[in-house]
There are 2 protein chains.
Amino acid sequence: MASEHSIDSSEPSADFEILVHGARQGQKPQLRLWLRMLSITKMISQEIRRRLRVEFGATLPQFDLLAQLYRAPEGLKLSELSRRMMVTNGNITGLADRLEADGLIVREMLNGDRRVTVAKLTRRGRETFSIMAKAHEGWLRDLMADVDEGALAESLAHLAKVKASANRRLVED
Amino acid sequence: MASEHSIDSSEPSADFEILVHGARQGQKPQLRLWLRMLSITKMISQEIRRRLRVEFGATLPQFDLLAQLYRAPEGLKLSELSRRMMVTNGNITGLADRLEADGLIVREMLNGDRRVTVAKLTRRGRETFSIMAKAHEGWLRDLMADVDEGALAESLAHLAKVKASANRRLVED
DNA sequence: CCGCGATCTTTGACATCTAAAGCATCCTGT
DNA sequence: ACAGGATGCTTTAGATGTCAAAGATCGCGG
C-alpha cells in the first residue's frame, strides 16, 4: 500500500483508489480493480493520444478506426465499424467524414443494397496506418517495460475472465 | 484462443485483440494487455454510464467529480480536481457549472487568494452521491461476479506494476 | 513599490461521444 | 403489389474531452 500510494501522491496522475466511499485494502476488490483499470487506461490513453497528435496529427479514435479497416482488406460496413469500435452509429459518420477528407479512407456503395456503405483504407491510409501502428506498439512496449512477462501473461488471463464475466452479464439480461 | 474468440464473435462487444497489425498468441503481450484493458473499460464504462443515466440522470464524469469531493470534506481547488480526475482544467469548468446548477456542489472563493476556487459538495450532493456510490459498487460486483477472488487479487497486484511502470515512464522523461 | 513570471480559472475552437429522431431502402407476409 | 416492420446511415442536441490563449491575481526580486 505504501509503495502504491507513494507513486500517486507525488505524481500528476490521479489516484482513483481509496477515493470512492471508503474502498480499502482487502475490501471491495471489484471496485478496486475497476478503478485501477480506469486510471491505467486513462493515463496511457492520454499519452498515446498526445503522441499520435504530435507525431502524426491523428486522434485515438481515428487510429482505432484505421486499425479496424487495416484488418479487413475488403472494408467494413459503417455499422460493423461502430460495433467493433464499441461506439454508436452516429459517431462513425463524423469520424469517417474527417478520415475521408484526409484521403485515408473511402466510402463505397458498391452493394446492391443502397442502404449500406462500406469503408475501406486507401493506399495512403494503409501506408500511414502501418507506420503509426509500429510506433504505437513501441510506445506500449516502452510504457510497460518494467512489467515482467509473467505478470503480463497472468493479467491477460485474469482479465479474460473479467471480460467474460462482464460480457455474460451484459448479454444475458 | 477459441474460448476467448467465441465470446466476442457472437456478441455485440468489440474484439480489439488480434486486430492491430497482427497481434497474436504469445506475441506482443503488452499490446494485447493494453487492448484487453481498453475493451473491458469501454464495455463496463458504457454500462455504468447507461445505468447512471437511467437511474440517476447523471453522467460518469459527474459521478467521478462528486466522488472526488466526497472524499475531500474540505472541498478541492478546481485545479486539484482536474489533476485527480486526469482531465484538463478547461474541462472542469463546464462540469462544475452543471453540477452547481443542479445544486450538488458549490463554488467558494473563501481564500485570501482570489485566483482559487474551491468546490464542495452541498448536503444534497453528499446525499445523492452516497446513494449513487452504493449502487455503483453493486453494479461492479455484479459485472465481475464470475471472477474469483484470487484472480481479482492477482490482477490488482499485477496491474499495480503496470501502473507503476507507465507512471515511471511518464514522469521521468 | 513595481514589474514580471508563476498560478489559477475561464473561454474558444474542435473532435468525440451518446441518445433519439429522421430518412431512405429493403424485405416479408398476405 | 404493398403495407409495415427491419435495417443502415445521418442528423440533432447536449455533454465531455483536448489544446491553446486570454484574464485575473499573486508574490518575489530589485
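Quick notes on this structure:
- Counting heavy atoms of the protein chains alone, A:D113 has an accessible area of about 50 Å² for a 1.4 Å probe.
- Amide H to amide H, with H built 1.01 Å from N, B:I105 comes under 5 Å of B:E100, B:T122, counting only residues 5 or more places away or on other chains.
- When the alpha-carbon atoms of the range A:120-173 are used, the pair Rg, Dmax equals 16.9, 43 angstrom.
- At 7 Å out from Cα toward Cβ: B:D146 inter-copy label distances (nm, ascending): 3.4
- Accessible surface buried once B binds A (1.4 Å probe; total of both sides; Å²): 8100 Å²
- Near A:K161, once Lys and Arg are set to +1 and Asp and Glu to -1 for all other residues with Cβ below 10 Å from its Cβ, the sum equals -1.
- Solvent-accessible area of A:R53, all protein chains in place: 140 Å² (probe radius 1.4 Å, heavy atoms, ligands and nucleic acids excluded).
- Karplus-derived HN-Hα couplings along the range A:50-67 (A = 6.51, B = -1.76, C = 1.60, θ = phi - 60°), whole Hz, x at Gly and Pro: 4, 5, 4, 5, 6, 8, 10, x, 10, 10, 5, x, 5, 4, 4, 4, 4, 4
- Cα shape, the range A:58-173, gyration tensor, a/c 1.5 rule: oblate
- Taking all C-alpha pairs of the range A:29-77, those more than 12 Å from each other amount to 70 percent.
- Restriction of the GluC sites (Glu not before Pro) in the range B:48-85 to DSSP coil positions whose beta-carbon has at most 10 other beta-carbons within 10 angstrom yields B:E74.
- Residues whose placed amide H lies under 5 Å from that of B:A58, excluding near-sequence neighbours: B:R53
- Near the amide H of A:K28, within less than 5 Å, lie no amide hydrogens of residues on another chain or at least 5 residues away, with H placed in the peptide plane.
The values are calculated or read from the model by the stated rules, or taken from the named source; none is laboratory data. If you're wondering where the values come from, they're calculated on a predicted model, not measured in any experiment. Glycine also receives a Cβ, built like all others from the backbone with ideal geometry; neighbour counts cover every protein chain displayed. Heavy atoms of the whole protein, side chains included, go into the accessibility calculation; ligands, DNA and RNA do not. Shrake-Rupley method; radii C 1.70, N 1.55, O 1.52, S 1.80 Å.
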